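This report refers to the structure that appears directly beneath it.
The values are calculated or read from the model by the stated rules, or taken from the named source; none is laboratory data. As the structure is a computational prediction, the values presented were derived from the model and not from experiment. Here the Cβ positions follow ideal geometry from the backbone for every residue, glycine too, while neighbour counts run over all protein chains shown.
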């Protein structure tokens, strides 16, 4: 992972205006904020505020790529798989708690 400093999310790779606005709406304003919450939890918070399903490839992978300074489609397959597993586990835990 690259330096997380106070770099605004708008300056991060993969983060366009729509994702930036949505991240700000859930309290993520900097790369450090995103690094602290981690991509899966950020994705889940974004999904909770959305009226429709958010594409994993465009949102979850974009958030991970932002932390890695890598285009989302260049993230190694094993990292993508790990993100999907973590997402599935988080969603299963949320359902078990509800």
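Here residue 54 meets the list (1) assigned to a helix (DSSP H, G or I); (2) modelled with pLDDT under 95; (3) surrounded by 11 or more Cβ atoms within 10 Å (Cβ to Cβ) almost entirely, failing just condition (1). Every condition in (1) over 21 Å from residue 93 (Cα atoms); (2) free of Cβ contacts under 8 Å to residues at least 24 places away in the same chain; (3) part of a helix (DSSP H, G or I) holds for residue 66 except the one numbered (2).
Looking only at segment 37-51, decide whether some residue is surrounded by 14 or more Cβ atoms within 10 Å (Cβ to Cβ), farther than 19 Å from residue 87 by Cβ and modelled with pLDDT of 95 or more.
So in segment 37-51, the residues surrounded by 14 or more Cβ atoms within 10 Å (Cβ to Cβ) come out as 37-47.
Add one more test, that the residue is farther than 19 Å from residue 87 by Cβ, and what stays is none.
Within segment 37-51, not a single residue is surrounded by 14 or more Cβ atoms within 10 Å (Cβ to Cβ), farther than 19 Å from residue 87 by Cβ and modelled with pLDDT of 95 or more.
Look at segment 1-14: where a residue is over 8 Å from residue 30 (Cβ atoms) and a partner is in a loop (DSSP other than H, G, I, E, B) and at pLDDT 60 or above, sitting 6+ places away or on another chain with Cβ atoms under 7 Å, you get 2/69; 13/69; 13/70; 13/71; 14/71.
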